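Chemist: For reference, the structure I am asking about is given below.
Since every read-out is calculated from the coordinates, none of them should be taken as a lab result. These numbers come from a predicted model, not from an experiment. Using ideal geometry, Cβ is built from the backbone for each residue, glycine included, and neighbour counts are taken over all protein chains shown.
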């Protein structure tokens, strides 16, 4: 018998973006320190964020992407600590890209990203019935590499001098996780 699907694990809850997240997402999307992770060089307007949150009610088959807010629940208090995104959804080829952000460094390396990633991988394979999930990670981002490899993601490619950050070239790795079923 298959276990029930859930968007909660330990102290982590995943939920769709809500209007009250608009200012938080606006701050995160417009933080130049994070642009390196999202391959962005320009600010995002409040209107664009509002539209994104409005569109989050649409099905992944329509938008080809979906974002969950990662919420930490502790002592009956809820705090949004990051996001986990599915993007480039290809239903024909049964694959999707994935990315995760735990914004505040004080919430990193505590298992929260691991819990969120576990829930979304389960969603991808059990609910969407995908064949694979992939991610692209800078070769220098050892914490992210360790997180994804912990779940069985395998390095299947290396893009040489793919990212230009702070006047230096970096390699980017392609990691894939195939559905074990």
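Chemist: So if I check each of 140, 158, which one is free of Cβ contacts under 8 Å to residues at least 40 places away in the same chain, assigned to a loop (DSSP other than H, G, I, E, B) and in contact with a strand residue (DSSP E or B) (Cβ under 7 Å, 6 or more places away or on another chain)?
Modeler: 140
Chemist: Something else: Of all residues in the range 69-93 being more than 15 Å from the chain's Cα centre (by Cα) and touching a residue at least 40 places away in the same chain (Cβ under 8 Å), which is surrounded by the most Cβ atoms within 10 Å (Cβ to Cβ)?
Modeler: Of everything passing the filter in the range 69-93, 72 is surrounded by the most Cβ atoms within 10 Å (Cβ to Cβ).
Chemist: Is one or more of the residues making up the range 120-133 under 12 Å from residue 98 (Cα atoms), touching a helix residue (DSSP H, G or I) at 6+ places or on another chain (Cβ under 6 Å) and in a strand (DSSP E or B)?
Modeler: Looking through the range 120-133, at least one residue is under 12 Å from residue 98 (Cα atoms), touching a helix residue (DSSP H, G or I) at 6+ places or on another chain (Cβ under 6 Å) and in a strand (DSSP E or B).
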